[in-house]
Protein chains: 2
Amino acid sequence: MGDLEPRTAPPALESMTTVACVGIGTIGGGWAAYFLARGFRVRAWDPSPAAEARVHALIDAAWPALTELGLAEGADPRNISVHTDLAEALEGAQFVQESAPEVLEMKRGLLRDIDAAAAPGVVIASSTSGYSMTEMAVEAATPERLVVGHPFNPPYLIPLVEVVGGEQTAPEAVEWASRWYEFIGKSVITMDREVPGFIANRLQEALWREALHMVANGEATVEQIDRSITDGPGLRWPMHGPMLTFHLAGGPGGMAHMLDHFGPSLLSPWTRLDAPELTRELRDAVVAGCDEEAGVRTVPHLVAERDRAIIAVRRVIDGFRAAGYGSGASLPED
Amino acid sequence: MGDLEPRTAPPALESMTTVACVGIGTIGGGWAAYFLARGFRVRAWDPSPAAEARVHALIDAAWPALTELGLAEGADPRNISVHTDLAEALEGAQFVQESAPEVLEMKRGLLRDIDAAAAPGVVIASSTSGYSMTEMAVEAATPERLVVGHPFNPPYLIPLVEVVGGEQTAPEAVEWASRWYEFIGKSVITMDREVPGFIANRLQEALWREALHMVANGEATVEQIDRSITDGPGLRWPMHGPMLTFHLAGGPGGMAHMLDHFGPSLLSPWTRLDAPELTRELRDAVVAGCDEEAGVRTVPHLVAERDRAIIAVRRVIDGFRAAGYGSGASLPED
């Protein structure tokens, strides 16, 4: 791993006023909307002449949602300039979020050019959903400051950002990026190694691929797949996620009981994905992880929490459905 | 497939007053609570002397939630009798929900005995999460009336029920069970073939196995896995499910654009689950399924719907967190 020279230390978070968004399509434009809502000035670069009108439309569409979630003082949806010259866009930028199309050669060239033009000490994050920074940073002169900051669509509403460096990234850059995203209200997962697809995409992709297999084999329709999640386990996940959900499914014995008694179902052909061997080590790691996450919450506490959350989420979704949302039969009035 | 004799036709839904729950642990007890809340009399069988006290505790714990979601007229949490004699428990029952432990031999014997004791025309459903009715029904004299009615935990809050028959099940029994569950307010997916793990469990299991692999390999912690879902894609799924979520991710071109442009990522090692070959046939089936599910909703309509739903779900979860829920650090006051 590389080191950041003391003289190129990233800016203090409190001094941040200006960020650059390189590429302002759906993801980059969503980032721009989020930065604006948090009160920052955004300098954007996009080679398309249509980009400026498009990003304003995106920001305008997102602004009511961002307003509902709470704007920072001084937040202004017009506090953005769009440039076709990269060096011009990066002038004064204290952080760069790159959201170019997922084409490795393009990412490599763009990160090289951003690195060449950005001020010393500025951390440069890529929104890539699949490439590792190790493979993207190969042409950059200062790979120490390049990190992955992977958002979820839409970046202005989904809190998650996965942060991970490449082999040449300085630990300080990873650490600064994580603090920065937390500073602006994101839920940050800092990974200590590069894993293809990071974390959430791996989980989502496993589900997606199993779904595609089912459609390919006529085992389920698209509508059945979606409804099996929206009216099933999807109602449990916004509160507890998949692991703590199973911790509860084990009854008072929690995940330990679950793995010790239902472990054999890992051998069942319930998905096309083979399970890992349930070694004592894996069993203990999962149990300890659940216990740590549960903290002072016993299984009965978690069950009560789960039930309240499911009811509340159901009421939200039922309310939308009663208002005409969530149905292809007709559109809501408003 | 078998046939139901006309003289043994299942009861008219409007005439339903009494259901039997065979096995009243977490799942069976959850079913009992749900049937009671819908205004039915429940006759329960369980061999454990502790079962009666346990099911009353479960019903009492579930009742506030069920009350909040709305009780049927005359619903009474005490309208349940618990029996240790199976024939006695089944007296007067017009429907049977079996929720015994997931042990094939036990299921086979129990379904045989229930079938022998239940009145003619009564449909018998199993809560099994993994066995097919074809393999469970082998000892029953009247396999025509045996169906799978697979709920999700907790059955009194999660709407989904997956209904599927075995090779010897009469189509009328599958059809009646689906109508019955819908009649009592469930979201029913009727499958036309037996698939191990049905639908939701296959999807959930793929995600769970990928998560276990990540823990086993030190790629992610239990807490990171849960947070990657609760603060990430888990916020999108209660409204749209995984397929319609990706339909939106394709921009105005929807799922067609998504598959045509991001299809190559199916070859990426983003999960350990190999993707199916993206044939023209599969591509068209997924696109047509999304178009059908979207109905009159264009992608911009769906984006607006998604954003509203994410905001509402986030507010629900954020509200719980502000009140002290969702954290292992301390317990909420109430």
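Where a number appears in this text, it was derived from the coordinates with a stated rule and is not lab data. Just so we're clear, the structure is a prediction, and the values are computed from it rather than from any experiment. Ideal geometry is used to build each Cβ from the backbone, glycine not excepted, and the neighbour counts take in all protein chains shown.
Here's how it looks for residue A:187: its modeled amide H is under 5 Å from those of A:160, A:161, which are all 5 or more places away or on a different chain.
With label points defined 7 Å past Cα in the direction of Cβ, position residue A:295 shows copy-to-copy spacings of 4.2 nm, given to one decimal and shortest first.
Based on the Kirkwood radius over alpha-carbon pairs, what value in µm²/s does the Stokes-Einstein equation return for the translational diffusion coefficient of segment B:181-241 at 37 °C and 0.692 mPa s? If you can, show how the numbers build up before the last one.
Working: Rh = 14.0 Å.
The calculation lands on 235 µm²/s.
Each 10 Å bin from zero holds the following percent of Cα-Cα pairs in segment A:2-111: 15, 44, 31, 10, 1. Within straight-line reach of residue B:107, meaning a Cα separation under 25 Å, sit the following lysines at least 8 residues removed in sequence or on another chain: B:186. 3J(HN,Hα) couplings calculated from phi for segment B:325-333 with the Karplus curve 6.51 cos²θ - 1.76 cosθ + 1.60 (θ = phi - 60°) are, in sequence order, 7, x, 9, x, 6, 7, 9, x, 5 Hz; Gly and Pro show x.
For segment B:6-190, state the semi-axes of the equivalent ellipsoid (square roots of 5 times the eigenvalues of the alpha-carbon gyration tensor), sorted largest first and rounded to whole angstrom.
On the way: eigenvalues 107, 64, 48 Å².
Working from the Cα gyration tensor, I get semi-axes of 23, 18, 15 Å.
Placing a pseudo-label 7 Å from each Cα along the Cα-to-Cβ vector at residue A:76 and residue B:333 gives an inter-label distance of 4.1 nm. What shape does chain B have by the C-alpha gyration tensor, where a ≥ b ≥ c are the square roots of the eigenvalues, rounded means a/c under 1.5, and otherwise prolate means a/b greater than b/c and oblate the rest? In terms of gyration-tensor shape, prolate.
Computed from label points 7 Å out along Cα-Cβ, the spacing between residue B:192 and residue B:68 is 4.0 nm.
Please tell me the relative contact order of segment B:6-190 in percent, rounded to the nearest whole number, where contacts are Cα pairs under 8 Å and at least six residues apart. Mind showing how you got there, number by number?
On the way: 390 pairs, mean separation 39.0, N = 185.
21 percent.
Only Cα pairs under 8 Å and 6+ residues apart enter the sum, and on that basis the relative contact order of chain A stands at 13 percent. Taking the alpha-carbon centroid of each part, what is the distance from segment B:180-222 to segment A:92-163 in angstrom? Centre-to-centre (Cα) distance: 35 Å. In chain B, the longest principal axis of the Cα atoms and the axis of helix B:237-249 are about 40 degrees apart.
For residue B:318, the label point sits 7 Å beyond Cα toward Cβ; its separations from the matching points on the remaining copies run 2.4 nm, from shortest to longest.
Straightening the chain between residue A:57 and residue A:141 buys 26.7 nm, computed as 0.36 nm per residue apart minus the Cα-Cα spacing. Given their separation in residues at 0.36 nm each and the Cα-Cα distance between them, residue B:8 and residue B:106 gain 32.6 nm when the chain is fully extended.
If you take the beta carbon distance between residue B:175 and residue A:283 as r and set R0 to 41 Å, what does 1/(1 + (r/R0)^6) give as a FRET efficiency, to the nearest 0.05?
Working: r = 43 Å, r/R0 = 1.04.
After rounding to 0.05, the efficiency reads 0.45.
With the simple model of a label 7 Å out from the Cα in the direction of the Cβ, residue B:183 to residue A:17 spans 7.1 nm. Taking a Cβ cut-off of under 9 Å around residue A:187, the surrounding Lys, Arg, Asp and Glu residues balance to a net charge of 0, with basic ones at +1 and acidic ones at -1. Here the contact order of segment B:232-322, divided by its residue count and restricted to Cα pairs under 8 Å and six or more residues apart, works out to 36 percent. In a Gaussian network model over chain A where Cα atoms closer than 10 Å are linked, find which of A:164, A:148, A:195 has the largest mean-square fluctuation. Ranking A:164, A:148, A:195 by mean-square fluctuation puts A:195 first. Any chance you could tell me what percent of the C-alpha pair distances in the protein assembly as shown go past 39 Å? Here the long-distance tail beyond 39 Å is 34 percent of all Cα pairs in the protein assembly as shown.
Which percent, nearest 5, of DSSP beta bridges in the protein assembly as shown are antiparallel?
So the antiparallel bridges amount to about 20 percent of the total.
For segment B:232-322, the alpha-carbon radius of gyration amounts to 1.22 times the rule-of-thumb value 2.2 N^0.38 Å expected for a compact globular protein. Inter-copy label distances at residue B:167, shortest first and taken from points set 7 Å along Cα to Cβ: 5.5 nm.
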